Amino acid sequence: MTSQFPEQAAEPATPTPATPDGRWMSRGVAGIGSASFLADVGHEIPTALLPFLLTSTLGAPAAALGVVEGLSDALAGAARLAGGALADDPNRRRNVAVGGYTTTAVLGAATAVATSVWQVGVLRAAAWTARGLRVPARNALLADIVPANAYGRAYGFERMMDNLGAIVGPLLAIALVATVGVQGAIGLSLIPGLLAAAAIIYAIHHTAKPERRDKVPLRVKVRPVLRGDLGKLLAAIAAFEVGNVAATLLILRATELLSPAHGATTATTIALGLYVAYNAAATLASVPAGHLADRLGAHGPVRVLAGGVAVFAVAYALFAANESAIALLAVPFVLAGIGIGAVETAQHAAVAALAPTELRGSAFGLLATVQSLGNLAASSIAGILWTLISPSTAFAYLTIWMILAFIGLLITARR
């Protein structure tokens, strides 16, 4: 790949492949997309059932769930940065991808046989660490197997499959619980997890092997990644992620607004239905966003990213209003889903286009770390504002960050 920005230009280790007739969808792309779908189905099952396992089966307090999830997310964030360093080596990134998918599947399913809270915590944290390690490797592999003018479509397809897995996983968990119970359902999550590992092996098998060269030293590279336009892009992305709150707070907002008229139980059910609409919108938006990014040329991914952030700003502004009608509440959920579908697709496509080939793994690792730490900051600060002042204040705060990120992306796109 030759970068569209001269100051970032670098020669690739191997030519960027393309299918003979110019099509971007290849067996490798299909394999990576299938791996994302199956892996999401696999880890959404134990994720959806983790609260019940801890509180009802093991008798732990609700605080234990927060500790387990907080520790797991923190380790996943750190692992993504390390995974980026590992993924800089084209040969090493293949092994990391396969090992990451396999280990996540095994450790996630192993929580089914845990007999104490600390065992669940260790297994969950280890599984999320493996998941964090594999993310930069997967993203770098995808950039290896598609032409540069098709990054948007390729990452849009991968994001679509991932979001589709986020819909199927919880639904499958409900069906499995009814037949084999909570622990049985968690144990069976091993099957889609291992199928995801098989899919990534299939993708690698249909990817041209990299040229033989000296092994890349294992080193976390941050400063080289932040040079030039890629650094400016990551700064704007950081502003977005500091305002990108966890979807659970959107569910909580809907539940609180709906409870006075519908009761707590019905309000929760409706809120979960709205969350399904959010995931469906993200699934449907990913591929069109990728197509648009490719059609708009070299700066297309940044422009689509700015558009997605603008949609988020509107959604959060609507969440700040105290509107309790179901139909009107559905609007910000769908807008947020469209926004995240466009943003995630465009983020990956933009980083793939701007990162020098030899730093591609580190660039994706830094992106994933920014996403993880930004989400933690967004949810934590919004939660504090929510508790101390009001939910409207929390969403107004998040809207401000969306506006700042939008401005930063406009500046980046014009350069």
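The values are calculated or read from the model by the stated rules, or taken from the named source; none is laboratory data. Since this is a predicted model, take the numbers as computed values, not measurements. When we count neighbours, we look across all protein chains shown, and the Cβ atoms used for this are built from the backbone with ideal geometry, even at glycine. These accessible areas exclude ligands, DNA and RNA; they are computed on the full protein's heavy atoms, side chains included. Shrake-Rupley method; radii C 1.70, N 1.55, O 1.52, S 1.80 Å.
Close contacts from the stretch 192-206, counting a first residue that is within 11 Å of Gly28 (Cβ to Cβ) and among the hydrophobic types (A, V, I, L, M, F, W, C) and a second that is open to solvent by 70 Å² or more (accessible area, probe 1.4 Å) and assigned to a helix (DSSP H, G or I), with Cβ to Cβ under 9 Å and a gap of 6+ residues or different chains, come to Ala203/Arg27.
Among the residues of the stretch 88-103, those that are open to solvent by less than 10 Å² (accessible area, probe 1.4 Å) and either part of a helix (DSSP H, G or I) or modelled with pLDDT of 85 or more (or both) comprise Arg93, Ala97, Gly100, Tyr101.
Among the conditions (1) part of a loop (DSSP other than H, G, I, E, B); (2) surrounded by fewer than 23 Cβ atoms within 10 Å (Cβ to Cβ), the only one that Leu164 does not satisfy is (1).
Looking only at the stretch 303-355, how many residues end up being among the hydroxyl-bearing types (Ser, Thr, Tyr) and crowded, with 24+ Cβ neighbours inside 10 Å? Within the stretch 303-355, residues that are among the hydroxyl-bearing types (Ser, Thr, Tyr) and crowded, with 24+ Cβ neighbours inside 10 Å number 2. Among residues that are closer than 21 Å to Ser372 by Cβ and either open to solvent by 40 Å² or more (accessible area, probe 1.4 Å) or touching a Phe, Trp or Tyr at 6+ places or on another chain (Cβ under 9 Å) (or both), Leu249 is included.
Residues are listed down the side, and each one gets a yes or a no for (1) touching a Ser or Thr at 6+ places or on another chain (Cβ under 6 Å); (2) at pLDDT 75 or above; (3) assigned to a helix (DSSP H, G or I); (4) not acidic (Asp, Glu):
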{"site": "Ala10", "(1), (2), (3), (4)": "yes, no, no, yes"}
{"site": "Arg23", "(1), (2), (3), (4)": "no, no, no, yes"}
{"site": "Ala48", "(1), (2), (3), (4)": "no, yes, yes, yes"}
{"site": "Phe52", "(1), (2), (3), (4)": "no, yes, yes, yes"}
{"site": "Ser56", "(1), (2), (3), (4)": "no, no, yes, yes"}
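Name the residue that is modelled with the highest pLDDT, counting only residues in the stretch 178-215 that are assigned to a loop (DSSP other than H, G, I, E, B) and buried (at least 19 other Cβ atoms within 10 Å of the Cβ). Here the residue is Ser189.
Table: residues versus (1) outside any helix (DSSP H, G or I); (2) surrounded by fewer than 16 Cβ atoms within 10 Å (Cβ to Cβ); (3) not β-branched (Val, Ile, Thr).
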position: Ala363; (1), (2), (3): no, no, yes
position: Leu367; (1), (2), (3): no, no, yes
position: Val370; (1), (2), (3): no, no, no
position: Ser379; (1), (2), (3): no, no, yes
position: Ile384; (1), (2), (3): no, yes, no
position: Ala394; (1), (2), (3): no, no, yes
position: Ile403; (1), (2), (3): no, no, no
position: Gly408; (1), (2), (3): no, no, yes
position: Ile411; (1), (2), (3): no, yes, no
